[in-house]
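Since the structure comes first, as structure tokens, the remarks are kept for the end.
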Amino acid sequence: PYDTIYDLDERTPEKTMVAAAEIHPLPPDNDNGHEPSLKRQRHEESNDNDDATNQVVALYAPPLEDDVFDDHQTNTTIRTSSLAEPTMKLSGHKGSVYCLAYDPHGEVLCSGSFDSTCLLWKAGGKCDNLSVLSGHKNAILDVCFTNDSEKIITASADYNLGVYDSNTGERMKRFMGHTGIVNAVDVCREGSASLAVSGSDDCTSRLWDTRVRGEVGCLEDAYQITAVAYANDGNAVYTGGIDNTITAWDVRTMRKSMGMKGHTDTITCLSLNPKGTHILSNSMDGTLRTWDIRPFVDDGGGGAGVKKRHDKTFAGGTHNSEKGLLNCAWSADGTMVTGGSADRVVHIWDEMSAQELYSLPGHNGCVNSVIFHPKENVVASASSDKSIFVGELSQS
């Protein structure tokens, strides 16, 4: 802060940092002609007889606010999370990473991969690896925590689901019953922590209770089911599949209660917003859409009895020939949505305006899963490049 030097002959009104008073040389206080000891020392002059107009004075510049706290830190940015760095790259999987899930408390991140394992990571700090969940014999396609954060449920291509203790990493139970690849799994967020639902290529969606052995219900459809979502109150289940339709099921009667059409290709993921009033869908037609699932919806203008369930469309993400089951997710406050994309970019949209807020590059493969941290301004993404990125979202 003391390195700014100006020659008095070259001063301009813009550069002058002192009052408009004239600067005169101070009289020497000893025979050597030095400045008084209490005054700031001037730079050496070429000879003792120079005029005042040739004197060079070091003007004081106050230190930056950041320098008061850290003299070595010159470009301090405001941190908005508990991460050790604004962006972290997590490596450890030996195959494509297909799914991610934060526990409801935001303390642990779980990732599922083609290598048949799930890895548990600390959600803050340096994102240290905590444990490995093993036991499946094929790729893990979906994963979720129960609403009490005590258990982790996985869906695998080996036709089974696994139930793991999130504290020890040990497998507690295996759900068998599906006769095809299990594509998706979801849990009840506000009801019992033991309830789960799965969707499979065997054209069924099955209900599970971690307290009992075997399934507790089976919903049969005409087409393969690739996405499922459990209603917050536990009374309804939503499924999507290759018929391009979102179907609502009443678990009390085990029958269909509603169908929502609009997508033109396979639905790859379903996700309920935090309030449970809207559902987000990702589809191979290249769009994400939100749907109003409240019991009563205003007439959409299509005539008597026609309900306008479709709300908004989010464009920008892509799907490719791999036909992967790319996910979709809401932010914790329901103001932003995101989803996987084959263009190697993480896309995040504003839910209210449907405008894209963030386009985050970095992955070298298809982005299969993107999720928001439940407590902090952090987003995590998983890719076919075998890596996971966890990073803060910049504040606008």
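How big is D, in µm² s⁻¹, for the stretch 110-181 by Stokes-Einstein at 10 °C and 1.306 mPa s if Rh is the Kirkwood radius over C-alpha pairs?
On the way: Rh = 12.3 Å.
It comes out at roughly 129 µm²/s.
Pull out the extension gain between I242 and R344, defined as 0.36 nm times the separation in residues minus the alpha carbon to alpha carbon distance; nm, one decimal. Write down the numbers at each step before the final one.
Working: separation 102, 0.36 × 102 = 36.72 nm, distance 2.41 nm.
Contour length minus Cα-Cα distance gives 34.3 nm.
Whole-Hz ³J(HN,Hα) for each residue in the stretch 95-110, computed from phi via Karplus 6.51 cos²θ - 1.76 cosθ + 1.60 with θ = phi - 60°, x for glycine and proline: what do you get?
x, 4, 9, 9, 8, 9, 7, 8, 6, x, 8, x, 9, 10, 10, 10
Please work out the C-alpha center-to-center distance from the stretch 88-125 to the stretch 198-235 and express it in whole Å.
24
Could you sort the peptides 87-96, 238-247 by per-residue average Cβ neighbour count (10 Å cutoff), highest mean leading? Working shown, then result.
Details: 87-96: 15.3, 238-247: 22.3.
Result, highest mean first: 238-247, 87-96.
Any chance you could check the Cα centroid distance between the stretch 246-265 and the stretch 366-392 for me, in angstrom?
Rounded to whole Å, the Cα centres lie 29 Å apart.
Under the 0.36 nm per residue contour assumption, what length would be gained going from the current alpha-carbon distance of N377 and D165 to full extension? Don't skip to the end; give the middle numbers.
Details: separation 212, 0.36 × 212 = 76.32 nm, distance 2.71 nm.
Fully extending the segment from N377 to D165 adds 73.6 nm.
Between D148 and S257, what is the label-to-label distance in nm when each label sits 7 Å out along the Cα-to-Cβ direction?
2.5
Compute the length gained on full extension between D285 and D233: take 0.36 nm times their separation in residues and subtract their Cα-Cα distance, giving the result in nm to one decimal. Could the numbers behind the result be given before it?
Values: separation 52, 0.36 × 52 = 18.72 nm, distance 3.03 nm.
Net length gain for the segment: 15.7 nm.
To the nearest 0.05, how large is the calculated FRET efficiency for K308 and Q355 if R₀ is 30 Å and r is the Cβ-Cβ distance? List each step's numbers first, then the result.
Values: r = 22 Å, r/R0 = 0.72.
E(calc), rounded to 0.05, equals 0.90.
Amide H of S383: which non-local residues (sequence gap of 5 or more, or other chain) have their own amide H closer than 5 Å, using H built in the peptide plane?
Under 5 Å from the amide H of S383 lie the amide H atoms of V97, N368, each far enough along the sequence or on another chain.
Tell me, what ³J(HN,Hα) does each residue in the stretch 207-220 have, in order and in whole Hz, if you take phi through Karplus 6.51 cos²θ - 1.76 cosθ + 1.60 with θ = phi - 60° and put x for Gly and Pro?
Result, ordered by residue: 9, 10, 10, 5, 8, 10, 9, x, 6, 10, x, 9, 10, 9 Hz.
Under the rule of at least 5 residues apart or a separate chain, name every residue whose amide H is placed under 5 Å from the amide H of Y358.
Close amide H contacts, sequence-distant or interchain: I348.
Obtain the nm distance between the two label points defined at Y223 and K122 by a simple spin-label model: each point lies 7 Å from its Cα along the Cα-to-C-beta direction.
According to this spin-label approximation, the distance is 4.6 nm.
Can you tell me which of 162-171, 318-327 comes out highest on packing, and rank the rest after it, using the mean Cβ neighbours within 10 Å?
Numbers: 162-171: 16.5, 318-327: 18.1.
Descending mean neighbour count gives 318-327, 162-171.
Order the following by accessible area, largest value first: R344, R206. Probe radius 1.4 Å; ligands, DNA and RNA are ignored.
Working: R344 125, R206 30 Å².
Sorted by accessible area, descending: R344, R206.
Whole-Hz Karplus ³J(HN,Hα) for the stretch 118-132, in order, using 6.51 cos²θ - 1.76 cosθ + 1.60 and θ = phi - 60°, x for Gly and Pro?
Along the stretch 118-132, the couplings run 10, 10, 9, 10, 5, 6, x, x, 8, 6, 5, 6, 9, 6, 10 Hz.
Let me see the P(r) profile for the stretch 85-206: every Cα-Cα distance counted, bins of 10 Å, each bin given as a percent of all pairs.
14, 48, 31, 7, 0
The values are calculated or read from the model by the stated rules, or taken from the named source; none is laboratory data. Note that the structure is predicted; figures quoted are calculated from it, not measured. Reconstructed Cβ throughout: ideal geometry from the backbone, glycine too, with neighbour counts over all protein chains shown. Please note that ligands, DNA and RNA were not included when accessible areas were found on the heavy atoms of the full protein model with its side chains. Shrake-Rupley method; radii C 1.70, N 1.55, O 1.52, S 1.80 Å.
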